[in-house]
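Laboratory data are not the source of any read-out in this text; all were calculated from the coordinates shown. None of the values given here were measured: they were computed from a predicted structure. Positions of Cβ are generated from backbone atoms using ideal geometry, with glycine treated the same way; all protein chains shown enter the neighbour counts.
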Amino acid sequence: MKGQKNIITGAKETVEVRTVCLNTLLLLFLSVSQCVLSNLKDSVILGSHPDGVLAIAAIQVWGLLPGAIAISWLFAQVSSKIGHFRASYFTISGFLVYFLVFAFLLFPNREVLQLDAVGQWIEYTVPGFGKGISCCITHWVVSGFFIIGDLWGSAVIAVIFWGFINTRTAPRHAERQYGFLKIGATASALVAGVMTECFVQREYNSTLCFGATAWEQTLIMQILFVTGLGIASLFFLWILSKGDVENKNVLPKRDDKPRLALRECFATLMQSRYLGGIAVSVVGYAVVFTMSDLVWKHHLRIVYPDPNDLMTHLNRMLWGVGVFSLLGALSSGWLLRRFGWMFVAAAMPYVAAVTGVGLFGSIYFGNELAALCPSEWDVSPVWMVVYTGTVHIIFLKAFKFSLFDVSKELAFTPLESSVQWRGKMAIDGVGSYAGKTGTALLQQMIIVVLGGVMASTVFMGGAVFAMLIGWILSVNQVGHAYQSATRVGSYEVSKEKGKVVTA
């Protein structure tokens, strides 16, 4: 009934309820794809070379940031000429075509395509520092898949999906809808965990018409699953972009052809303290996750040298991510109404600090802690790091999918439409990868100087907790401004003073 609030979605209009449900399904499909690709790219790169962890650090420096800049620039140029929706179709379709080419052409012939001579020359020319780069160049097929698979989250979900949602959702609707909308992302971990486990081939299946090994069959089946989800996502995006479920009295009408010069996106970010605070939170998550993830994966590679076993562990982690992120999403609306934006936004860095103590504590004092465990547990220091790191990564991903993303996207809603797009392009499109790249470069330098991953964990732990302090301070700054904006009406960027003021 018109004007009556839906108890599940929080929407008040029939058309609004339909829109929220379609948006949730779209986010579910895109997020399931992200979960599958995340585990798949890690298993592929770690299973291809014993120094896969060093390769990941090198890729984050020399691959992810240039890739993020390139795809953001391309999306900005295409959007300016053919509109946001058509550019979205073009971008998602390009990802899907690449995944199919990788699964059926590149990966089966990866050994033939290896650049061994180039990799050996780089490692000889740049000893120490060039080891990770050498691994990336030699195994360029899997390195490319790691880059493209990682870019799915920033290009398709952060920029395309959330950019579409933010420009068509009024701030007064956002707080009651975004909590329900994030259920699509949080449920994705559970769905991905169930589906990917079904696709893991323990032994070679001769009845399948593809794949020369059990691992190749696993990879191809998961790529086909991602492709199917991508095609379904294009269909939902087409329905929403055609305006079949839009109502100008419910959702604000926004410009479909925003002017998105990448230079102007960064200029807008530099002029705004408000956007700068959001950027610190995004970069903070990237730094904390990248530092912790590298240390954890170093131990994970020791415990699980086989890629199928590694993927099984990662898939089982999705259950934990799904449960905690679903709880976070279901409670986010109540937490926002009861405690406000600042409480929800600050939950992530505080949880990261608590679980981070467990991870780095087990690294620094692993032998002592293992000695305290009962002998029948048979816990080694390496396994202890894997266990505590698994808990740390589960909570980082779970709160990222739920509370962190909800608070971040809500922070964009008071901004004017063009400022939203420019801010998201600069922060989500490039800023998060700048954080990953800077962190990975620092990791490489520390590893080379100190001679290994384990020797550098003291410095990595210090960097993690220093970043958490800056993250919490930025949440405090943005929180006060957000509360003022939602009371007054909206924000606009003051070009003269280079800051955000209430309008």
(request) For Leu415, list long-range residues whose amide hydrogen, built 1.01 Å from N in the peptide plane, is under 5 Å from its own amide hydrogen. (result) Tyr491
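Charges at C-beta only: +1 for Lys and Arg, -1 for Asp and Glu. How large is the resulting dipole of segment 391-458 about its Cα centre, in Debye rounded to 20? Working shown, then result.
Numbers: 6 positive and 4 negative charges, 21 e Å.
Charge dipole, segment 391-458, about its Cα centre: 100 debye, nearest 20.
Show me the chymotrypsin sites (Phe, Trp or Tyr not before Pro) within segment 318-421 that DSSP assigns to loop and that have at most 15 other Cβ atoms within 10 Å of their Cβ. Working shown, then result.
On the way: sites: Trp319, Phe324, Trp334, Phe339, Trp341, Phe343, Tyr350, Phe360, Tyr364, Phe365, Trp377, Trp383, Tyr387, Phe395, Phe399, Phe401, Phe404, Phe412, Trp421; in loops: Phe365.
For chymotrypsin sites (Phe, Trp or Tyr not before Pro) across segment 318-421 that sit outside H, G, I, E and B with at most 15 neighbouring Cβ atoms in 10 Å, the list reads Phe365.
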(request) Please tell me which of these pairs span more than 21 angstrom C-alpha to C-alpha: Lys242/Lys400; Lys41/Lys81; Lys297/Lys408; Lys400/Lys424? (result) Lys242/Lys400; Lys41/Lys81; Lys297/Lys408
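For a test of the definition: using alpha carbon positions, the gyration tensor, and the 1.5 limit on a/c, classify segment 44-143 as rounded, prolate or oblate.
On the way: a/c = 3.02, a/b = 1.80, b/c = 1.68.
Prolate is the answer for segment 44-143, as a/c is 1.5 or above and a/b outweighs b/c.
If each residue's Cβ is checked for other Cβ atoms within 10 Å, how do Cys373, Cys135 rank with the fewest at the top? Each step should come with its number before you reach the end.
Details: Cys373 13, Cys135 28.
Going from sparsest to densest Cβ surroundings: Cys373, Cys135.
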